[in-house]
Amino acid sequence: MSHIIAPSILSADFGNLSRDIGMINNSEADWFHVDIMDGVFVPNISFGFPVMQVLKKLANKYLDVHLMIVDPDRYITKFAETGATGLTVHYEACTHLHRTLQAIKAAGMKAGVALNPHTPVSLLSDIATDIDMVCIMSVNPGFGGQSFIENTYRKIEQLDALRKQSGSNLLIEIDGGVNTDNARKLIDAGADILVAGNTVFSASDPSAMITVLKNV
């Protein structure tokens, strides 16, 4: 499988959101990555259902929604209704993670689990076959433009070994600090999906940067 590029609209120009959504639609990007932050689980607030409604209307690719919020179970149905294709919750925010994953799938979405930099991959060993995607945070969640955490490569290798051992078909996503210097190394370590925000939207030609990341 060719790796997936998922530009993060957190880094888009919200004064020209329709333009940036169109750029992603017409680019070689595979997914839209959508970061939902509540100012409680992470020290930042991003956006909620009004932006999801815009994406549902205008985006024509997979909507990869990443919830950085407390008590995500409250909103599973609502995110399904507003167009999420896949819904990722944080391991650290879910008391009953297996039940949350089942609820996401019952709502018709792919179920993902995100791990903060300090959270070990081994904690997923008992539910690996219930997960469609694991998002390894390669920065501390909350803000775009942070520096990449080098330990991420080791975690990718550990997760790749876990999925092979368990027989899981889960995909490995990397979120944070992805750029042209580390993209190939991440893929070689076992990553399937690269989330890129600042790298794409700070480029003079964002669509061309997506093409570069797609073809590393």
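The values are calculated or read from the model by the stated rules, or taken from the named source; none is laboratory data. These numbers come from a predicted model, not from an experiment. Cβ: placed from backbone, ideal geometry, glycine included. Neighbour counts: every protein chain shown.
Between ALA189, ALA183, ALA107, ALA161, which is closer than 30 Å to LYS78 by Cβ and modelled with pLDDT of 95 or more?
ALA107
Say we look at region 16-32 and pick out the residues that are among the charged types (D, E, K, R) and more than 29 Å from ASN169 (Cα to Cα); which of these is surrounded by the fewest Cβ atoms within 10 Å (Cβ to Cβ)?
Looking at residues that are among the charged types (D, E, K, R) and more than 29 Å from ASN169 (Cα to Cα), I get ARG19.
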Members of region 117-147 found to be crowded, with 19+ Cβ neighbours inside 10 Å and either free of Cβ contacts under 8 Å to residues at least 24 places away in the same chain or in a helix (DSSP H, G or I) (or both), listed by number: VAL121, LEU124, ALA128
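Would a scan of region 203-213 turn up a residue that is more than 21 Å from ILE131 (Cβ to Cβ), of a type in the set (Ser, Thr, Tyr) and either in contact with an Asp or Glu (Cβ under 7 Å, 6 or more places away or on another chain) or not in a helix (DSSP H, G or I) (or both)?
Yes, the conditions are met somewhere in region 203-213.
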From LEU159, LEU115, LEU101, residue being hydrophobic (A, V, I, L, M, F, W, C) and touching a Phe, Trp or Tyr at 6+ places or on another chain (Cβ under 7 Å): LEU115
Sole exception among (1) in contact with a Lys or Arg (Cβ under 8 Å, 6 or more places away or on another chain); (2) of a type in the set (Gly, Ala, Ser); (3) closer than 25 Å to ASP126 by Cβ for ALA29, by number: (3)
Only listed residue being surrounded by 20 or more Cβ atoms within 10 Å (Cβ to Cβ) and of a type in the set (D, E, K, R), chosen from ASP13, ASP35: ASP35
Residues being within 21 Å of ALA208 (Cβ to Cβ) and polar (S, T, N, Q) - total across region 143-187: 3
Any hit, region 40-49, residues being in a helix (DSSP H, G or I) and within 30 Å of ASN215 (Cβ to Cβ): no
Qualifying position, being touching a residue at least 40 places away in the same chain (Cβ under 8 Å) and either more than 27 Å from LYS214 (Cβ to Cβ) or among the polar types (S, T, N, Q) (or both), among ALA80, ALA107, ALA93: ALA93
Candidate set: region 77-92, residues that are surrounded by fewer than 21 Cβ atoms within 10 Å (Cβ to Cβ) and part of a helix (DSSP H, G or I); chosen: the one nearest to the chain's Cα centre (by Cα): TYR91
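Assess whether ILE172 counts as being under 18 Å from ASP64 (Cβ atoms), touching a strand residue (DSSP E or B) at 6+ places or on another chain (Cβ under 8 Å), at pLDDT 95 or above and not in a helix (DSSP H, G or I).
yes
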Verdict on PHE32 being at pLDDT below 95 and not in a helix (DSSP H, G or I): no
Any hit, region 68-76, residues being closer than 27 Å to ASN169 by Cβ, in a loop (DSSP other than H, G, I, E, B), modelled with pLDDT of 95 or more and within 15 Å of the chain's Cα centre (by Cα): yes
Candidate set from region 1-20 (those that are more than 17 Å from the chain's Cα centre (by Cα) and in a helix (DSSP H, G or I)); member that is farthest from VAL216 (Cα to Cα): GLY15
